[in-house]
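A quick write-up on the structure given underneath.
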Amino acid sequence: MSANNSSGLPQVSDRLAYNAMRNWRERLIEGLLLAAAAVSVLTTLGIVYVLVSESVHFFAKVSIVDFLTDTQWTPLFDDAHFGIMVLISGTLVSSFVALAVAIPMGTIIAIYLSEFADSRVREVAKPILELLGGIPTIVFGYFALLVVTPILQTIFPSLPGFSLLSAGLVMGIMIVPYVASLSEDAMRAVPMSMREGAYAMGSTKLYTAIHVVVPAAVSGLAASYILGISRAVGETMILAVAAGMQPNLTWNPMEQAATITSYIVQVALGDLPHGSIGYQTIFAAGLTLLMITLLFNILGQWLRAKYREAY
Amino acid sequence: MQIHDNPTLKAEARNLNFFYGEAKALKNINMPIYDKKVTALIGPSGCGKSTYLRSFNRMHDLYPGNRYEGEIRFFPDNTNLLAAEVDPIEVRMRIGMVFQKPNPFPKSIFENVAYGLRVRGENNKRVLDDKVEHALKGAAIWDEVKDRLADLASNLSGGQQQRLCIARALATDPELLLFDEPTSALDPIATGAIEELIHELKKRVTILIVTHNMQQAARVSDYTAYMFLGEMVEFGKTDEIFIKPKDKRTEDYITGRMG
């Protein structure tokens, strides 16, 4: 940087001058990025607003105590009851069945892909696995109804044509790729030096995977499980098709039952007048669903913060 | 240094070659490792010293495409560590390793040290307590951690973590301890503590240490090997290597003309 200006370079003082154009452009881009981020935040807020404002009308007619404690859900009958537990039980039982499949299977697949499979197997298996997550849920729903239910009926002859068990099992298979893929990412992020440390102590692959890699990846595993739970609680089509839509307060997966989501589909397909109590149940049920997923998300955040591993 | 006594052999590389796929990383290495002595491997980056070190506990078996040729004889039983019928897990049961960067497991201090014992099937609380304490004392970290054995190991400082890793390796009474540049991620004070520890440890265990710090090699080792481009250029007693190296290349390296 010479003081000699004959080379045509501007003087130093000019080169350091405030570049108004560049600054303006930066701000514009920042604004665009903010707007993009705002779309998703505002959408969420909009959904919450609609759910809450419509639910307020609903709870003006039905007390919260009745809503939470009544054991019948018959909003369209003359003798209307609004016991949301009926729908929550269906949601929880089907989710439990699904997670009993998805969490162990997803974790085992992730351990295999991350710790045992050689890279060629992984490069083929992982995309195929993720493809499974791309199958439309309506296809899974009919798979449950037409393939899995008849198979289950040969084992359990008393199983009805619609059941939480069948829908839950298939829902679990649908969720496996999400759990497996995210868990595998979490385990692969564990640094190789930690595995080498374990191998150098004379551990086998399995011992290393279970005692070193899994504990090191626990916050990522928790995140994948939470995503799995959210998927299960929010899943609609498989349940609407294969679990029956009969409101039924039960904790037995061998029965048929409606879930919050399948109830919403059922009612939304009918022709309820806007503003009627039946119409407003959709929003009360939706709000309940939102609260359940929110609860699990908060739990997940808390678990991640608690077990966050710095390596 | 009491090098006038006749040292016994603990291990010996014989015509050792090593390949990463097609690339030959070690070229016909012949070298003794003496029992209860510290042997240092020095040489410029990429000379193969870590590759050589990691052959002793068969770490290369973890990655596909690696191949050994020749032998590393291990005494007193005179087995070839590299033989196909030798189980690398059994090798690692007898040969411990401390890495360049401290790599404690995501467990408590106690469980880190107990890890190797648990791998070997030891679950008796009294035995574990005893051996963990002994190993932590051996690694000169007992006084610093004895009141917080249940804390996560990741809460320790870098130097403490490295001594914890040494304790972890010591807990299972290895016959040979491999150090792969154990102080390169540590500050001078922590480095001093590790070097002192190595001095103490050689009373009970044979040590092979890779270092790119020549002063460190001079300070801690009884024997030194200079490696260059995958070859063992010179091996000898540390004071001889540093005072009157026989090979021109060794001399260039230790006098700083190359490296």
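The values are calculated or read from the model by the stated rules, or taken from the named source; none is laboratory data. Since we're looking at a predicted model, the values are computed, not measured. Cβ placement follows ideal geometry from the backbone for every residue including glycine, while neighbour counts extend to all protein chains displayed. Ligands, DNA and RNA are stripped out before the accessible areas are found, and what is left, the full protein with its side chains, is counted by its heavy atoms. Shrake-Rupley method; radii C 1.70, N 1.55, O 1.52, S 1.80 Å.
Odds and ends about this structure:
- Residue within the stretch A:160-175 that is at pLDDT below 90, within 20 Å of A:Thr293 (Cα to Cα) and in contact with a helix residue (DSSP H, G or I) (Cβ under 7 Å, 6 or more places away or on another chain) present: no
- Elements of type strands (runs of 3 or more DSSP E) in the stretch B:143-259, at least 3 residues being more than 15 Å from the chain's Cα centre (by Cα): B:223-228, B:231-237
- The sole residue among B:Pro44, B:Pro7, B:Pro64 that is of a type outside the set (Gly, Ala, Ser), closer than 28 Å to B:Gly256 by Cβ and either outside any strand (DSSP E or B) or open to solvent by 50 Å² or more (accessible area, probe 1.4 Å) (or both) is B:Pro44.
- Matching residues in the stretch A:182-216 - criterion: being open to solvent by 20 Å² or more (accessible area, probe 1.4 Å), under 25 Å from A:Val101 (Cα atoms) and at the interface with chain B (Cβ under 9 Å from one of its Cβ atoms): A:Tyr207, A:His211, A:Pro215
- Checking B:Glu111, B:Glu85 one by one, the residue that is of a type outside the set (A, V, I, L, M) and away from every other protein chain (no Cβ under 14 Å) is B:Glu85 and no other.
- Test result for A:Leu99, open to solvent by 10 Å² or more (accessible area, probe 1.4 Å), in the same structural domain as A:Ala243 (by TED's automatic domain parsing) and either touching a residue at least 40 places away in the same chain (Cβ under 8 Å) or in contact with a Pro (Cβ under 9 Å, 6 or more places away or on another chain) (or both): yes
- Looking at the stretch A:137-242, the helices (runs of 4 or more DSSP H) lying wholly inside it that each contain 2 or more residues that are within 25 Å of the chain's Cα centre (by Cα) sit at A:137-143, A:164-188, A:218-234, A:237-242.
- When A:Ser219 is tested against (1) at pLDDT below 90; (2) away from every other protein chain (no Cβ under 14 Å); (3) open to solvent by less than 30 Å² (accessible area, probe 1.4 Å), exactly one condition is not met: (2).
- Test for B:Arg118: is it open to solvent by 50 Å² or more (accessible area, probe 1.4 Å), in a helix (DSSP H, G or I) and within 14 Å of chain A (Cβ to nearest Cβ): yes
- Positions within the stretch B:137-154 being without any contact (Cβ under 8 Å) to a residue 24 or more places away in the chain and surrounded by fewer than 14 Cβ atoms within 10 Å (Cβ to Cβ), in sequence order: B:Asp143, B:Lys146, B:Asp147
- The sole residue among A:Val179, A:Val170, A:Val124, A:Val139 that is open to solvent by 70 Å² or more (accessible area, probe 1.4 Å) and closer than 19 Å to A:Gly234 by Cα is A:Val139.
- Number of positions in the stretch A:276-311 that are in a loop (DSSP other than H, G, I, E, B), of a type outside the set (Phe, Trp, Tyr) and in contact (Cβ under 8 Å) with a residue 12 or more places away in the chain: 2
- Residue that is most open to solvent (accessible area, probe 1.4 Å), among those in the stretch B:67-82 that are assigned to a loop (DSSP other than H, G, I, E, B) and away from chain A (no Cβ under 14 Å): B:Pro76
- Filter result for the condition that a residue is of a type in the set (Val, Ile, Thr), buried (at least 16 other Cβ atoms within 10 Å of the Cβ) and touching a Phe, Trp or Tyr at 6+ places or on another chain (Cβ under 6 Å), over A:Ile84, A:Ile88, A:Ile111: A:Ile84
- Residues (modelled with pLDDT of 90 or more, open to solvent by less than 40 Å² (accessible area, probe 1.4 Å) and closer than 30 Å to B:Arg118 by Cβ) located in the stretch A:223-265: A:Ser224
- Residue match in the stretch A:156-170 (condition: without any contact (Cβ under 8 Å) to a residue 12 or more places away in the chain and more than 30 Å from B:Glu122 (Cα to Cα)): yes
- In the set (1) crowded, with 19+ Cβ neighbours inside 10 Å; (2) within 14 Å of the chain's Cα centre (by Cα), the condition left unmet by A:Thr293 is number (1).
- Conditions (1) in contact with a strand residue (DSSP E or B) (Cβ under 8 Å, 6 or more places away or on another chain); (2) farther than 27 Å from B:Leu197 by Cβ; number of the one not met by B:Gly46: (1)
- Test: residue in the stretch B:182-191 that is within 14 Å of chain A (Cβ to nearest Cβ) and crowded, with 23+ Cβ neighbours inside 10 Å: yes
- Checked against the criteria, B:Pro106 does not count as within 19 Å of the chain's Cα centre (by Cα) and open to solvent by 10 Å² or more (accessible area, probe 1.4 Å).
- Taken as a whole, the structure places B:Asp129 among residues that are of a type outside the set (A, V, I, L, M, F, W, C) and loosely packed, with under 15 Cβ neighbours inside 10 Å.
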